[in-house]
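Colleague: Take this structure first; my questions come after.
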Amino acid sequence: GIVMSNIKPKLQYDAVTVGDEAPVISHELKRMDLVRYSGASGDFNPMHTDEVAAKQAGLPSVFGHGMFSMGLLGRAVTDWAGVGNLKVYGVRFTKQTWPGEILSTKIVVTGKEETPEGKIIIAELTLHNQDGVPLRNLGLGSARLLVAALQLEASQSGAIAIIDEIEYGLEPHRI
């Protein structure tokens, strides 16, 4: 398995400036994704996999699991900030995702703070479809990343990152 204390931080506070963007991750949502995710998550709501049931419920089609979208956005954050640096993660689901949509992440640094807890990078995180419509976001689209001081070679505790639901007060998912 992964030993979290040996993971070196990817995100360097002093190297990040307001306006910087993380690499984009894009994924075309396919019906097979919905079936696979249903099996992996145990979420067998027919609105995600049964076209007939979805249409009978008044929907245009089956739609994606919110947690699938959350996972895609979470992957973009951990790829950028480093695995093991994510401590708290919360999302607000704002729109449904549909098969055939191309989902793309966007992470933009919007601020930096030095606090008693450490150096904080504030970023806006959103997931968009191919038309640029935001589908998922964090609170008002903000995240707070607590980054370890990188002057230390490989700190014994490793870097810690926190993505925090600030505005909406939703319960974050602890991982």
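Colleague: Taking amide hydrogens as modeled 1.01 Å from N in the peptide plane, which residues meet the under 5 Å criterion relative to Lys30, leaving out close sequence neighbours?
Modeller: Hits under the 5 Å cutoff: Gly100.
Colleague: Continuing with the same structure: In terms of modelled amide H atoms, which long-range or inter-chain residues lie less than 5 Å from the amide H of Phe93?
Modeller: none
Colleague: Also, I was wondering about something else. Enumerate the calculated ³J(HN,Hα) couplings along segment 96-112 in order (Karplus 6.51 cos²θ - 1.76 cosθ + 1.60, θ = phi - 60°), each rounded to whole Hz, writing x wherever the residue is Gly or Pro.
Modeller: Along segment 96-112, the couplings run 7, 10, 10, x, x, 6, 9, 9, 10, 8, 9, 10, 10, 6, 10, x, 9 Hz.
Colleague: Going from most exposed to least, what order do Lys112, Lys55 have by accessible area with a 1.4 Å probe?
Modeller: On the way: Lys112 70, Lys55 115 Å².
If we order Lys112, Lys55 from most to least accessible, we get Lys55, Lys112.
Colleague: Moving on. Tell me which residues come under 5 Å, amide H to amide H, from Leu135 once H is placed; ignore anything under 5 positions away on its chain.
Modeller: Those lying under 5 Å, H to H, from Leu135 are Leu127, His128, Asn129.
Colleague: Please work out the FRET efficiency for the pair His27 and Gln56, using the Cβ-Cβ distance as r and a Förster radius of 25 Å; give the result to the nearest 0.05. Don't jump to the answer; show the numbers that get you there.
Modeller: Numbers: r = 28 Å, r/R0 = 1.13.
It comes to 0.35.
The values are calculated or read from the model by the stated rules, or taken from the named source; none is laboratory data. Nothing here was measured: the structure is a model prediction, and the numbers come from that model. Neighbour counts run over all protein chains shown; Cβ positions are idealised from the backbone, glycine included. Surface areas here come from the heavy atoms of the whole protein model, side chains and all, with no ligands, DNA or RNA. Shrake-Rupley method; radii C 1.70, N 1.55, O 1.52, S 1.80 Å.
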